Amino acid sequence: MIVARIVETEAYLGQNDPAAHAFKGRTPRTDPLWGPPGTWYVYFIYGMHHCLNITVEPEGRPGCVLIRAAEIFKESPDRGRGPGRLTRALKVNRTLSGIRAFDRDCGLWLREGRAPENVSVSPRIGIRHATEKALRFFEAGSRSVSSPRPPQALEARGCV
């Protein structure tokens, strides 16, 4: 069994967010986004990486959180840094999409863990639209976090 602690996420605000998959409407691929809160949404990007998201809005309203990085216990800190490395380490693929994250029979589930000591906020990374929105949350100081942004860069962009 692999145990990991989430240390970096990004929020996607549904149909009003140009960076969100739900922005262009419901499709067979994005259907899990409209599911009940706690539903996994997994997609394949750049022909090489899976990305793991969890729905957070009431059923029928899309909105999710991308899990960007996690500290994988008993592993190198780099192993869970970034969405592609994380899903490879956890053996996540699209077969998980649409499954409830609190169902222990699904192979990947959430449970309560230690709260982060110091949460920092920055704009989302790796996107082309709505890049000014401060919707990336990460545990400052974690070696598993991808591309941390210095606070002065956020102040200059008016994001703090």
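The values are calculated or read from the model by the stated rules, or taken from the named source; none is laboratory data. Predicted model only: the values in this text are computed from it and were never measured. Note: ideal-geometry Cβ built from the backbone for every residue, glycine included; neighbour counts use all protein chains shown.
Those residues that are under 18 Å from ALA20 (Cα atoms), in a strand (DSSP E or B) and among the β-branched types (Val, Ile, Thr), I need them from the stretch 54-83; list them, please.
Scanning the stretch 54-83 gives ILE54, THR55, VAL65, ILE67.
Going by what's in this entry, would THR95 be described as over 23 Å from ARG136 (Cα atoms) and not in a loop (DSSP other than H, G, I, E, B)?
Answer is yes for this residue.
Can you pull out the residues in the stretch 1-41 that are touching a residue at least 12 places away in the same chain (Cβ under 8 Å) and among the small types (Gly, Ala, Ser)?
Selection gives ALA4, ALA11, GLY14, ALA19, ALA20, ALA22, GLY35, GLY38.
What is the residue count in the stretch 39-73 for residues that are surrounded by 14 or more Cβ atoms within 10 Å (Cβ to Cβ), at pLDDT below 95 and more than 19 Å from GLY126 (Cβ to Cβ)?
Residues that pass the stated criteria total 2.
Quickly run through the stretch 97-119 and pick out the residues that are touching a residue at least 40 places away in the same chain (Cβ under 8 Å), surrounded by fewer than 16 Cβ atoms within 10 Å (Cβ to Cβ) and farther than 14 Å from ILE54 by Cβ.
If the condition is that a residue be touching a residue at least 40 places away in the same chain (Cβ under 8 Å), surrounded by fewer than 16 Cβ atoms within 10 Å (Cβ to Cβ) and farther than 14 Å from ILE54 by Cβ, then GLY113, ARG114 are the ones that fit.
Find the residue count for the stretch 13-49, including only residues that are under 20 Å from ALA101 (Cβ atoms) and part of a helix (DSSP H, G or I).
Residues flagged as under 20 Å from ALA101 (Cβ atoms) and part of a helix (DSSP H, G or I) within the stretch 13-49 amount to 7.
Would you mind stating whether ILE67 is in contact (Cβ under 8 Å) with a residue 60 or more places away in the chain and in contact with a strand residue (DSSP E or B) (Cβ under 6 Å, 6 or more places away or on another chain)?
Yes; evaluated as a whole, the condition is true for this residue.
Looking at (1) charged (D, E, K, R); (2) buried (at least 16 other Cβ atoms within 10 Å of the Cβ); (3) in contact with a helix residue (DSSP H, G or I) (Cβ under 7 Å, 6 or more places away or on another chain), can you tell me which one ARG26 breaks?
Exception for ARG26: condition (2).
Scan (1) hydrophobic (A, V, I, L, M, F, W, C); (2) surrounded by fewer than 19 Cβ atoms within 10 Å (Cβ to Cβ); (3) touching a Pro at 6+ places or on another chain (Cβ under 8 Å) for the single condition ALA20 breaks and write down its number.
Looking at each condition in turn, ALA20 falls short on (2).
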